[in-house]
Every structure is written in C-alpha cells, then in structure tokens.
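**Q** Sharing a structure here in structure tokens format.
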Amino acid sequence: MGLILPAADFVAPKIEYTELMPMLVVFGAACVGVITEAFLPRALRHAAQLAITVVAIVVAGVLTGLLINDNKELIAAQGAISVDGPALFTWLILLALTLISVLLFAERSLDGGLSAFASQAAAVPGSEAEREGTAARIEHTEIFPLTLFAVGGMMLFASANDLLVLFVALEVFSLPLYLLCGLARRRRLISQEAAMKYFLLGAFASAFLLFGIALLYGYAGTMSLGGIADALAQDTGAESILLAGTGLIGVGLLFKVGAVPFHSWTPDVYQGAPTPVTGFMAACTKIAAFIGLMRVFYVALGGSRWDWAPMMWVVAILTMVVGSIVAITQTDVKRMLAYSSIAHAGFLLTAFVGLAQAGSGVSNGITSTQAVLFYLVAYGFSTIGAFAVVTLVRDAGGEATHLSRWAGLGKKSPLLAGIFAFFLLSFAGIPLTAGFTGKWAVFSAAWTGGAWPLVVVAVLSSLVAAFFYVRVIVLMFFSDLPTDAPDVALPGWQTTTAVALGLAATVILGLVPGPVLELAARAGEFIR
C-alpha cells in the first residue's frame, strides 16, 4: 500500500501569477508555436508563427511596463523568483531586443525569397534531401518557438532567486540556442560545427555550474540566494567548500558572459551561426548572463566578496586585454565582432568588480547596477544593428564576411557603410554615441568603487580596440572598390526596421541618455 499523508500536511504553493505573467505569456506562446508547427499547413506556418511571436513579445513587454510602473518588488513562487527592479528592467530590454531579432529571423528577401535558415536541419549538407527541401522552398519555422523558449529562459535566468531555478533557466535558454546555431541555410558545415562546439563547451560549463551549486548547497543547506547569504553571515565554517563552490559557479556564469579564459566558443559560434541568431545571442545572452552573474555574486555571495573579488580582477583584465588585442588579427567581420564582444564583457566586469571592491553589498549597489544596465542596453541595440548590416553585404556564396570583401563599400553604398561605421564608433566609445555614455558610466562606477587600476587597463584596451574599429572604417571609405566587389542586397522591411531601430537607439542613447539612465536608476537594487 502507498503512504497516504493527512490532508493537513499539504500546503498549496502560492504563485504570484500577475507578477510572473510576462514570463508565462512568453512560455505559453512558445507552446502554442509548437502546436502550430505540428498541425498548421506548411504554407501558413511562417505568417502564423511570426504573428504569434510578435504578439507574445509585445504583450509581455506591455505587462512588464505595467509592473515597472507599479513599482512591483517581491520574491515570487515560494522564494524562487525575484521580481525586482533589475529583473523587470532586464525583462523589458530582452523583449525589445528579441522583437528586433525576430524581424531579422523573418527576413526572406535576401536569399531568393527564403529565410537564412536551412530547409531541413537533419538533412546532410549537400545531400539530395537538402536539395529537395530547398527546391520545395521549405523553411524552418520552428525557429520562432525556439526563440520564445530562449528568451523565456533568459527572463527566468535574470530573475532566479534560487540556484536550482538558475540552472533550469540556463538549460531552458541554452538548448534552443544550440539548435538555432546549426540551422544556417548557407555554409551548413561551419554552422553545424558552431552548434556542436557551443553544445559541448556549454555542457561542460553547465556541469561546472551544477557542481558548484551542489557545493554551495552543502555549505549553506539551502539553494536560496538569501539563505546562502544568511549562512555566510553566520560563518558556519567549511570555508573550502564555499570557495570551491564559488569558483565553479563563477566558471559556469563567466562562460555565458564570454569572459576570458572561458571565451573560446565565442568567435567560432559567432562566425558559424546564422547571422540573425548571432545578433540575438550577442545582445540577449550577454544581458541575461550578466544580470544572473550579478544577482548570484551580489545577493548570495556578497559576504565573501574579498574571497572572489581577486579572481574577478584577473578575469576582467584578461578579458579586456585578450578581446582587444586578438580582435586586431581577425580577417572575418563576424569574428572581429565576436572578440569585440569579449572586450565589452571585460568593460562590464570593471563595474562589477568596482562594486565588490567598494564592499557595498546589495543595499548600495545602485550606481554600479545602473551603469551595467545602461551599458547592456546601449551595447544590445548597437550589436543587433551591426549584425543586421552584415546580412546585407553578399556575394554568390551568401554573406561576404571576409574583411577584404568590404573594401570600398563606402563607394558602393555610402549609406550602409556609414551606418556600420557609426555602430563601430559606438563600440569604440566615441563621444555622442551610446557606447561613449555606456563606457563613461561603467568606468565611473568602477573608479568610485576604488578599482581605478581596472579603469586604467580599460581605457588602454579601449584605445587598442579603437584601432581595429577605425581600420574597418578606413577599409570601407578609403580603399579602392575591387572589380568583384560583393553586392549590397536590398533589404526587406524587416531588416530595414531592425537597422533603423538599432541606429536610432544608438543615436538617442548617445545624445539624450538621461531617461534610460533614470529608468536604470529606478531599477534600484537586487532584493532577497
């Protein structure tokens, strides 16, 4: 016979559905997308999936905006999810950037009326099955529910108040990304290689994270971030378990951030993945990963900051230096932007370390949190815009990503080259761009926190980075146009809108950063 417990022993969990509704809408729409893919005729799937995705993102964004306006701050779902200022701000930005990315996913005018995604992912590259799928004009409309699952996982990851929920969220958004990376219609082999590398290295990083979670649970007896902080305050001993757990969790989270020495996946995956997916990953994954990193180390491990801060100093310096220097040697524009992304992760880590150095803990983290949030917004819009431009420079083999193919682009298409140059100047931190304001914010936060040596390294790394950005600009505008120069494709309204939104945000955040800085300041601090 089974064991029957008295009814009084069961307490129904309290779930704050209203506060969690933005995430529930995204996950619900992803499930609807899966059902749509199974039952709707193939000819109708693309339009239906796009409509479901866009409506879900817009509805979730409106609900998030209402929560921000109501100043909602609570620990929801029995202490598992933090619905606080930083989480809501992150949700809003993730949804906005995902909406722009979805427009790039839906673009069909650049490749003979087909999207950038393979007709049949399981077909062997170059096989008869692949040729038949292309001839039948089959499209992978599963990319839309996969994207919704990914962004839903990112939203959960950025708000996780429990280490087990953090791990589940990591897998929820990572697995769809592994699939999306291997779905390129062109250059199938390099796309599949990128997906395999991302999957294998991501699995190793997840194992490190899970082992670290187990050790912290052994130390504190709880997986709640607040509970771990309380155990640190009581000094329960077992210092070696705490240090080992902290280090292993740091490895898992820094892998997703793309920090050195856990960055090796970044250039290969950025180069091999479909360019719209690369833009989505570069912007949204970094945002979610950074907020998750800050939440774990500020909320749960703030009491041991003097133990982990030296490690973060080393990682921040290596990330800035390696990202900036290795980018100079790149000959592929997507790999160059990948190493640029690594360098930007190092710049963000300066503000992260600055707060830890100041010993501010959770309660006084507004300045650094505000700086990081603003930087992530500025970087996200510029990044998606830059990768959208990359999709438009094409030759017979698809996108022409080798830098030599961009020579003289300013003479062939001054508008497109000028837009890309503006994004590069923003990455370099030139005044009157969003990148300048973002760098000023994170460097100021680090300096205030006492991490001035990091700021010096960051400024020098920025000077090095400016070299390879300016090199591309010189190549586009001051080189002769070769006779076999690639074409500049005429974009559809989807790519045009994505580029326009990225450009507008980069300009506005550079000229009038006040409203977004104020909104980031209103986000306040992490709660527990």
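**Q** Scan segment 84-129 residue by residue and report those that are among the hydrophobic types (A, V, I, L, M, F, W, C) and at pLDDT below 90.
**A** Ala106, Leu110, Leu114, Ala116, Phe117, Ala118, Ala121, Ala122, Ala123, Val124, Ala129
**Q** Shifting gears a bit: Name the one entry in Pro431, Pro491 that is in a loop (DSSP other than H, G, I, E, B), out of contact with any Pro (no Cβ under 6 Å at 6 or more places or on another chain) and within 29 Å of Phe105 (Cβ to Cβ).
**A** Pro491
**Q** With the requirement that a residue be closer than 24 Å to Lys197 by Cβ and among the acidic types (Asp, Glu), what does segment 145-179 give you?
**A** Selection gives Glu171 alone.
**Q** Turning to a different aspect of this structure: From the list Ala500, Ala428, which one is surrounded by fewer than 22 Cβ atoms within 10 Å (Cβ to Cβ) and within 22 Å of Thr329 (Cα to Cα)?
**A** The match here is Ala428.
**Q** Further question: Among what's in segment 53-76 and is among the aliphatic types (A, V, I, L, M), touching a helix residue (DSSP H, G or I) at 6+ places or on another chain (Cβ under 7 Å) and crowded, with 19+ Cβ neighbours inside 10 Å, pick the residue that is modelled with the lowest pLDDT.
**A** Ranking the qualifying residues of segment 53-76, first place goes to Ala76.
**Q** Need pairs with beta-carbon distance below 6 Å; first residue within 14 Å of Gly429 (Cα to Cα) and within segment 452-463, second assigned to a helix (DSSP H, G or I) and polar (S, T, N, Q); sequence gap 6+ or separate chains.
**A** Matching pairs, first to second residue: Ala458/Thr350; Ser461/Ser324.
**Q** Within the group Ala489, Ala451, Ala441, Ala500, which residue is farther than 30 Å from Leu318 by Cβ and modelled with pLDDT under 90?
**A** Ala489
**Q** Quick one: how many residues across segment 472-488 are assigned to a helix (DSSP H, G or I) and either among the polar types (S, T, N, Q) or surrounded by 15 or more Cβ atoms within 10 Å (Cβ to Cβ) (or both)?
**A** 5
**Q** Return the pairs, sorted by first residue and then second, in which the second residue is buried (at least 16 other Cβ atoms within 10 Å of the Cβ) and of a type in the set (A, V, I, L, M), the first residue lies in segment 490-515 and is more than 20 Å from Val377 (Cα to Cα), the beta carbons are less than 8 Å apart, and the residues are 6+ apart or on different chains.
**A** From residues that are more than 20 Å from Val377 (Cα to Cα), the pairs are Pro491/Leu110; Pro491/Leu392; Pro491/Val499; Gly492/Leu110; Gln494/Leu103; Gln494/Leu104; Gln494/Ala106.
**Q** Determine which member of the set Leu175, Leu180 is farther than 20 Å from Thr275 by Cβ and part of a helix (DSSP H, G or I).
**A** Exactly one residue qualifies, and that residue is Leu175.
The values are calculated or read from the model by the stated rules, or taken from the named source; none is laboratory data. No experiment lies behind these values; they were computed from the predicted model shown. Counting neighbours? That spans all protein chains shown, and the Cβs are built from the backbone with ideal geometry, glycine included.
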